[in-house]
Amino acid sequence: MISLPLFLKKIPRWGFPLLGLLLLVPLALAFQYKAALPGYQYQFPRDHASHEAYKTEWWYYTGHLQTQSGKRYGYELTFFRIGNDPQIRTESSSPWNTNNLYATHFALSDENKKTFHYYEKLNRAGLNQAGARSDSYYVWNELWWAELLGQHMVLRANSPDGKQEAHLLLTSLKPPVIHGQGGVSQKASCVGCASHYYSLTRLKTEGLLFIDGKAEPVTGLSWMDHEFGSNQLSREQTGWDWFSIQLNDNTELMLYLLRREDGSIEPNSSGTVIDTQGHSRHLTLKDFKVIETGQYWTSPASKGTYPVGWRIQVPSEKLDLKVTPSFENQELYTAGSTKVAYWEGSSSVSGSRAGKTLQGQAYVEMTGYAKESVKGKL
């Protein structure tokens, strides 16, 4: 998922936009952190781990789970790493290391009761409170974590009172999908305004959810995004809409639209289609349409008004889809961590491919709709 929180736009973008002369200098030197540039060679499982040479990084899980009795849940578990100072990023052996800031969000959507719970953590690296290994995949924030064990990923997160909790085992049914072109997912026309971005688009999921303290065995499908880079959004960009779609014909679709201050859509907005074998194809903005269906919801917390229905068309795939949230109130108002309000919600999909009926499930992320600042202190 693109999923760069808007709070990162408040971090000074050293020298951005750069003058023409600086555009000729490698951004890795200009910024000290490395820029996401074409030519990156992915290696797995190495690239699941942390990339300390880049300023920002996140591991993003969303999924749809069912109990044996037919209850349905959506979940989100997201780990963000934000570099503080490139000069100290190699001093990771110190127990007082503060080279990175870690923010983590955990959310559960009860689709039957239409209730939404979310929780957040914020810690600096140091004294083992939070961190991410660079030699193997293990990222944690206090007692929340994600790690790779053999061929499986293990996730754990819980509410402060322990009444809501997730213990999940994920197994990828397809190889990693690299988004963008030339190893980068471009977010703006400037050099280095990009990320290295890949997804695991179909993760078999099983485990336990604790709902109000009661354990519920669950099964389902998840989606994992991992991105790392140092300078993505340009200053005129205000937010985005992101869609991850899993269809019942064993194909997937990822799309994102970046919105500008003048109301236009960033030309570098793009997407990826994934076939039944895991082969992917890049989509440019002209290759798809995302049309709001006219339903909106206004958050009582942030006062932001969000669209809550879309029609998505990909003519080259003969796809015509309708995406509908499971329910409207799935906004995270993160006063205790990133201080950003954003909508991240479980959704259903219906539609057709070449006239043949399709069903599916999706997660949708929307940022930049809440203009009121999030109240609370870090």
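The values are calculated or read from the model by the stated rules, or taken from the named source; none is laboratory data. Because the structure is a prediction, the values reported are computed rather than measured. FYI the Cβ positions are ideal-geometry reconstructions off the backbone, even for glycines, and counts take in every protein chain you see.
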- Item | Single residue of segment 26-85 satisfying the filter (at pLDDT 95 or above and assigned to a helix (DSSP H, G or I)) that is farthest from residue 348 (Cα to Cα) | 46
- Message: Considering only residues that are without any contact (Cβ under 8 Å) to a residue 60 or more places away in the chain, over 20 Å from residue 227 (Cβ atoms) and out of contact with any Phe, Trp or Tyr (no Cβ under 7 Å at 6 or more places or on another chain), which ones fall in segment 101-126?
- Response: 112, 113, 115, 117, 124
- Starting from residues that are touching a Gly at 6+ places or on another chain (Cβ under 8 Å) and surrounded by fewer than 20 Cβ atoms within 10 Å (Cβ to Cβ), keep the ones in segment 329-349 and report whichever is modelled with the highest pLDDT. 348
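Looking at segment 123-144, which of its residues are surrounded by fewer than 19 Cβ atoms within 10 Å (Cβ to Cβ) and either within 24 Å of residue 338 (Cα to Cα) or touching a Ser or Thr at 6+ places or on another chain (Cβ under 7 Å) (or both)?
Initially, segment 123-144 is screened for residues surrounded by fewer than 19 Cβ atoms within 10 Å (Cβ to Cβ), giving 124, 126-129, 133-136, 138, 142-143.
Within segment 123-144, 124, 126, 127, 128, 129, 133, 134, 138, 142, 143 meet the criteria.
Might you check whether a residue that is over 23 Å from residue 188 (Cα atoms), outside any loop (DSSP other than H, G, I, E, B), out of contact with any helix residue (DSSP H, G or I) (no Cβ under 6 Å at 6 or more places or on another chain) and basic (Lys, Arg) occurs anywhere in segment 252-274? Steps first, answer last, please.
Residues of segment 252-274 over 23 Å from residue 188 (Cα atoms): 252, 274.
Narrowing further to those that are outside any loop (DSSP other than H, G, I, E, B): 252, 274.
Narrowing further to those that are out of contact with any helix residue (DSSP H, G or I) (no Cβ under 6 Å at 6 or more places or on another chain): 252, 274.
Those left that are additionally basic (Lys, Arg): none.
Within segment 252-274, not a single residue is over 23 Å from residue 188 (Cα atoms), outside any loop (DSSP other than H, G, I, E, B), out of contact with any helix residue (DSSP H, G or I) (no Cβ under 6 Å at 6 or more places or on another chain) and basic (Lys, Arg).
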- Query: Of the residues in segment 159-207, how many are without any contact (Cβ under 8 Å) to a residue 60 or more places away in the chain and among the polar types (S, T, N, Q)?
  - Reply: 4
- Message: Considering only segment 208-218, I want to know if a residue exists there that is at pLDDT 95 or above, more than 30 Å from residue 36 (Cβ to Cβ) and buried (at least 23 other Cβ atoms within 10 Å of the Cβ).
- Response: yes
- For residue 304, are the conditions met, namely being out of contact with any Asp or Glu (no Cβ under 6 Å at 6 or more places or on another chain) and either at pLDDT 95 or above or surrounded by 19 or more Cβ atoms within 10 Å (Cβ to Cβ) (or both)? yes
- Which residue, of 315, 300, 267, is out of contact with any Lys or Arg (no Cβ under 6 Å at 6 or more places or on another chain), of a type outside the set (S, T, N, Q) and free of Cβ contacts under 8 Å to residues at least 24 places away in the same chain? 300
- Item | Failed item in (1) surrounded by fewer than 17 Cβ atoms within 10 Å (Cβ to Cβ); (2) under 20 Å from residue 60 (Cα atoms), with residue 353 passing the rest | (2)
- Condition set without any contact (Cβ under 8 Å) to a residue 40 or more places away in the chain and in contact with a strand residue (DSSP E or B) (Cβ under 9 Å, 6 or more places away or on another chain), scope segment 208-250, selection nearest to residue 289 (Cα to Cα): answer is 236
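So, residue 169, is that one surrounded by fewer than 18 Cβ atoms within 10 Å (Cβ to Cβ), aliphatic (A, V, I, L, M) and over 27 Å from residue 221 (Cα atoms) or not? Don't jump to the end; show me each part of the working.
Working: surrounded by fewer than 18 Cβ atoms within 10 Å (Cβ to Cβ): yes; aliphatic (A, V, I, L, M): yes; over 27 Å from residue 221 (Cα atoms): no.
Considered against the rule, which asks whether it is surrounded by fewer than 18 Cβ atoms within 10 Å (Cβ to Cβ), aliphatic (A, V, I, L, M) and over 27 Å from residue 221 (Cα atoms), residue 169 comes out as no.
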- Task: Might you let me know whether segment 194-206 holds any residue that is surrounded by fewer than 24 Cβ atoms within 10 Å (Cβ to Cβ), of a type outside the set (S, T, N, Q), at pLDDT below 95 and at negative phi?
- Result: no
- Could you please give the count of residues in segment 219-247 that are at pLDDT below 95, under 17 Å from residue 363 (Cα atoms) and surrounded by fewer than 24 Cβ atoms within 10 Å (Cβ to Cβ)? 1
- Test for residue 233: is it of a type in the set (A, V, I, L, M, F, W, C) and in contact with a Lys or Arg (Cβ under 8 Å, 6 or more places away or on another chain): yes
- Checking residue 112 against (1) in a strand (DSSP E or B); (2) at pLDDT 95 or above, which single condition isn't satisfied? (1)
